[in-house]
């Protein structure tokens, strides 16, 4: 018999569900002709005794299979029928496929008159027994809301499954379900999901199905998480004496990267005392003011802080220190001693200038000075002074060019003023154009540093 004939014979066995011999006939009704590896196939049978009353036996002629039934043998009256449920199980693990298992029925009174009945059994694998996927809003799951997700299941074979455990696992999903699946049943299991703060994008979700410690589903489904920008800004200003501090913070509570821009306008004066951290990306001058601009990106859960500190205290402190230094230097260089020369004309009754009265005013506006020597030169057209004020000179000198009057003063206190005066006559009648030179004073401060100051000169016409 060739392969083609064998194939036709098997088809004939599938189509015929009632087989008859001389003594016995059998009618087969499949209850569970699709089975899992290691599990029995189930058939309802009706056995009719066509002969006289007697015993009818059923044996499996295929050594790879065994049978279980409610009866070890059937005692049937002639012309009567008995019903039974036949379970056929492999004696060892068999590969998935279609099997024709032969069961022989015969009356014990005549074993040679038998009936071979073929039971066609489809053995299916546990793997991929159930198709599973997830369905959700095509726009994506919203991180800020409760989302409805549906687990869709489809039993691919005519096999009843009870207490199947499905595990849904991903970065944000951890759900377990226990359910039953009828033969070729399609079932939907809705459940809610709260994502929390998770970035937008497509996420893989693994779906595992376990039945009787065997994996019946191991699939991956893709779930989309929608974009949810949520930027919070907080500005905090603090003021203290001569110091203003501003802190600007932005936090990305969303689930997507956000490009941010922050700007602040400051006056030209404020800019002189402003410090920033970090430095702005751009500084633009606008109508006498300045616009500071920061540009930055914020990843989900990231924050960015800008610090601006306007400190007027330090510059003012520096100015005070500088002024103090200048003041000290000034006091060091100029101890505050000044000389003012005043000249009064002495005239005759006829109105001619016959002499002069000179006033030398010493005024100390600085610190105490000492060892003062004041000298005043007198032109040669004038005689040596003949009259002095309260303080007489220490010495006088005479030369062809003129004469010099010298006063030695031990000290001059701060704020003290001395007025020295003297009178002198003209050597010629009708004194004309004469320049009275400057008086010169040499003195020391408390550190023994020598100073020289001069008075004004005076032109006599």
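Observations, loosely collected:
- Yes/no for residue 88 being within 16 Å of residue 120 (Cα to Cα) and touching a strand residue (DSSP E or B) at 6+ places or on another chain (Cβ under 9 Å): yes
- Exclusive hit being at pLDDT below 90, farther than 14 Å from residue 134 by Cβ and either surrounded by 14 or more Cβ atoms within 10 Å (Cβ to Cβ) or not assigned by TED's automatic domain parsing to the domain that holds residue 300 (or both), set 185, 194: 194
- From the list 417, 448, the one residue that fits, being over 60 Å from the mean Cα position of the chain (by Cα) and in contact (Cβ under 8 Å) with a residue 40 or more places away in the chain, is 417.
- From the options 243, 235, 266, residue that is touching a helix residue (DSSP H, G or I) at 6+ places or on another chain (Cβ under 7 Å) and farther than 30 Å from residue 138 by Cβ: 243
- Residues being assigned to a strand (DSSP E or B) and either surrounded by 14 or more Cβ atoms within 10 Å (Cβ to Cβ) or not assigned by TED's automatic domain parsing to the domain that holds residue 403 (or both) - total across the range 415-444: 16
- In summary, residue 117 fulfils each of the numbered conditions (1) within 30 Å of residue 229 (Cβ to Cβ); (2) crowded, with 16+ Cβ neighbours inside 10 Å with the single exception of condition (1).
- Being at pLDDT 85 or above, closer than 19 Å to residue 434 by Cβ, surrounded by fewer than 16 Cβ atoms within 10 Å (Cβ to Cβ) and assigned by TED's automatic domain parsing to the domain that holds residue 443 is a property that residue 382 lacks.
- Restricting attention to the range 3-43 and to residues that are loosely packed, with under 14 Cβ neighbours inside 10 Å and modelled with pLDDT of 90 or more, the residue that is nearest to residue 130 (Cα to Cα) turns out to be 31.
- Top-ranked residue in the range 348-366 [being surrounded by 15 or more Cβ atoms within 10 Å (Cβ to Cβ) and over 22 Å from residue 403 (Cα atoms); ranked as nearest to the chain's Cα centre (by Cα)]: 366
- Residue 246, sole failed condition from (1) under 27 Å from residue 297 (Cα atoms); (2) outside the structural domain of residue 273 (by TED's automatic domain parsing): (2)
- In the range 392-414, residue surrounded by the most Cβ atoms within 10 Å (Cβ to Cβ) [restricted to those that are assigned to a loop (DSSP other than H, G, I, E, B) and modelled with pLDDT of 90 or more]: 393
- Test: residue 320 is in a strand (DSSP E or B) and either farther than 30 Å from residue 200 by Cα or under 22 Å from the mean Cα position of the chain (by Cα) (or both): no
- A count restricted to the range 338-364 and to residues that are out of contact with any strand residue (DSSP E or B) (no Cβ under 7 Å at 6 or more places or on another chain) and either part of a strand (DSSP E or B) or on the phi < 0 side of the Ramachandran plot (or both) stands at 3.
- Taking (1) outside any strand (DSSP E or B); (2) modelled with pLDDT of 90 or more in turn, residue 112 satisfies each apart from (2).
The values are calculated or read from the model by the stated rules, or taken from the named source; none is laboratory data. All figures in this text were calculated on a predicted structure; none of them were measured in a lab. Because the Cβ atoms are built from the backbone with ideal geometry, glycine has one as well, and the counts that use them run over all protein chains shown.
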